[in-house]
1. Tell me what the protein assembly as shown gives for mean residue ellipticity at 222 nm when only DSSP H runs of n ≥ 4 count, each as -39,500 (n - 2.57), the sum divided by the residue total, rounded to 500 deg cm²/dmol.
2. Accessible area per residue for region A:399-529 in Å², computed with a 1.4 Å probe and the full protein assembly in place, what is it?
3. Using the C-alpha atoms of region A:1-118, what convex hull volume per residue, in cubic angstrom, is computed?
4. Take every residue in peptide B:50-56, count the Cβ atoms of other chains within 10 Å of its Cβ, and give the average of those counts.
5. Rounded to the nearest whole Å², what accessible area per residue is found for region A:349-392 with the 1.4 Å probe?
6. HN-Hα J couplings of region A:102-107 from phi, Karplus 6.51/-1.76/1.60, θ = phi - 60°, integer Hz, Gly and Pro as x?
7. Give me P(r) over region A:48-177, computed from all C-alpha to C-alpha distances, binned every 5 Å, as integer percentages.
8. Take every Cα-Cα distance within region A:113-226, group them into 5 Å bins from 0 onward, and report for each bin the whole-number percent of pairs it holds.
Amino acid sequence: MTERRMIDILSSMPPELSEAVISRKVKGNEIWMEIPSSLLPPVASHIKNLWGAHLVTFHAVDNRALTGDFKLIVLMALSGEDDFVVLLTSVDPAFPQYPSLTPQIPCAEWYEREIMDLMGLRASGHPELKPLVLWDDWPEGIYPLRKDFDPAQIIPQEPHAYPYRRVEGSGVFEIPVGPVHAGVIEPGHFRFSVAGEPILNLEVRLGYVHRGVEKLSESTPYAKGVMLAERISGDNGFAHSLAYCQAVESLGGAQVPERALYLRTAYAELERIYNLLGDIGGIALDVAFNVAAQHAYILRERCMELNDFITGNRFLRGVNRLGGVWIDIPSDKISKILAQLVRFKLDIKEFSSLMLRSQSVLDRLETTGRIPLEVAKELELVGPVARASGLDRDVRRDHPYAAYRHLSFRVPLRREGDVNARLCVKLEELQESISLVEQALGSLPSGEITCSSFEVPEGRTAMSLVESPRGELVHWLISGKGGRPFRHKVRDASFHNWRAIEVAVQGEIVPDFPLINKSLNLSYAGNDL
Amino acid sequence: MLDIIRKGVLRKGIVTSDYPQEGTPRYAARLGFPKLRTDLCKAHHVCFRSCPTNAIQEREGEIKVDLGLCIFCAQCARSCPEGAWTMSPEIELAKRSRSDLLSSSSIENKSIQELGKSLDAMIGKVFGRSLAIREVDTGSCNACEVEVNALSNAVHDIERFGMHIVASPRHADLLLVTGPVTRNMERALMQTYKATPEPKLVVAVGACACSGGIFRESYAVRGGVDRMLPVDVYIPGCPPRPEAMIYGLMLAVGKLNDKSR
């Protein structure tokens, strides 16, 4: 099937592209093509435009010790079937440049800035190649993800100014916000250019939470990497550890028992439920509808208590392990959980009517922070944000993992792309998630909850996609020596969705910014890594 | 409007927890303070190797846990072939100095009733005055933020102790710092500290803020908050539960009384 698709893709390319393909192979549902770096933009945009593929991740590997070059890897998901295209290209260390993908694929912009920061490969033709995750005082010529970088070295501080985009004209002024915000949220800097109330331009400066996760992972044995993955983005910790475990299991060819797959599904949905309730509460709070906000927070607290009751941790940490899960759910607990979920459903129904019936609330939500479908497509948005703009993507359905292929669920979709649409999508997803937990626990197969321990051979590649509460996230692993990754690429849902905020606030008034921000619910830690 | 009041107030009843008077709901599986039964320990040192943050250390021939490093992942309890480690339900682990966080199993924690009583006395002493808290995230994974936010929800409601979270360090008595201090947040943290009026307290929340936690060896991280600032109270946990934070804040409040005297 995938073989057939590869031949179709190759034959659809113009001869100057298909003849330049250096090598090609099919590995599972992945179509690998090695191409010269000069052809990266035309080949990628051909696959995107003709095959409806979307960019999943784009990263570099320091392969100098093995093959004497840097590798660039572009991962694209094909629409329709559960197939992927992996474009592989080589960059000469003596001339560390490659043609930028950004003019053809706007979503690549931040990836290329990240590759410049961490690996020191320059995308020529990039419209705005400035730092993304490394701070302004980071010296030039030191690239943390290169293999010859010594993490113990003392890095000198060389301050230089960050080039913000400037809007000029009479009456235009700037509002700098952050990194320490008024609310209890993560650090990031927002630079607004405004004329009176309406926002003319917003530039987001992130990187404050950059902790060097990918480099750290290269020195972390796989079993401990699960704990690191849980701490990439705290409230999506289960989704991250699941993606990491799935990738390592695929490297080692481990077969996870059925019961563990169902349990993982239930845990993943429990995580989604408490996250969605937090988002909805935040939206209510930002339109000053405190009663509804407190209702949502009480429900969220109950969900976290339920997590605590099941696993001993409010964030479901310490649940995932390589080859399965640590914590089983015995049948007496299942009946208690199911009873609690029935109460949740009633409470959420009541809450929805409270939230959506108030005219003054709807007035703030409708038409605010619109993200049109074309923008969502260009920026490859993911998760509930994409689905509220009519972009019908959900990893659970499109690339099923754990036990999702055996369960039935609906993917809620809206077209308006405003805050109200995002709220409605989240309210509907909440119902679907509760139903998924009920289904997974109701049809839990008997048996083991983990497979026997397994070895991970060196030099293999594996990836894993998971639909986190914020949307599609991916972990890409290349196995190395000593039971550790050679390269670990993490791409959180927010890495794509952050860019939407700059579009969504244009023309809106400054006081609506917190509301729009909350409706997108972006992770700073997941983005900065 | 009536409808909202009916639904919001009458049907929900009181949801606020009774902590610290009544303690916390306890579940058998809760992952709190890791305790070692020395009579079972055969010194295989499997736990040393399984700990992701090297929190288990040998000092003067005794095996101790550095709670400032511990992320409460239970790997020690899961890996020990003798079953010598158990995750106890203790969560009131906040301490006033970094060295106090190094605990061996021989240290007896106060019983929850005693703690409740002493906290009661402390609340009595400080009730009527308010404590303004400013939260600063210096690179946390956002789990600590979720729990800090939970402090002001209707269930944990720290306003009942006269504590509230304020929007600016200029209004704050206490800085609640989460996360390992990243290289990128160092300056912002120092500026926030400078903007906070005296007398001020600094509370390090979670393993990352106490010691750098799982990230402490990264190039992008400076390490625990006490590398930059004097820390008054350390609250272990990954993340600490809201009750554990309330306990730590109470400890800090006691300290504020000492400072302003």
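The values are calculated or read from the model by the stated rules, or taken from the named source; none is laboratory data. Keep in mind that this is a model prediction, so the values were computed, not measured. Counting neighbours? That spans all protein chains shown, and the Cβs are built from the backbone with ideal geometry, glycine included. Areas reflect the complete protein model, heavy atoms only, side chains present, ligands, DNA and RNA absent. Shrake-Rupley method; radii C 1.70, N 1.55, O 1.52, S 1.80 Å.
1. Values: 27 runs with 296 residues, N = 790.
Computed mean residue ellipticity for the protein assembly as shown: -11500 deg cm²/dmol.
2. Details: 4030 Å² over 131 residues.
With the other protein chains kept in place, region A:399-529 gives 31 Å² per residue.
3. Details: hull volume 12.3 nm³, N = 118.
Measuring per residue, one finds 105 Å³ for the Cα hull of region A:1-118.
4. Working: counts 3, 2, 9, 2, 0, 0, 0.
Across B:50-56, the average partner-chain Cβ count within 10 Å equals 2.
5. On the way: 1810 Å² over 44 residues.
Accessible area per residue, region A:349-392: 41 Å².
6. 3, x, 8, 10, x, 4
7. 2, 9, 16, 18, 17, 14, 11, 6, 5, 2, 0, 0
8. 2, 9, 15, 18, 17, 15, 11, 6, 3, 2, 1, 0
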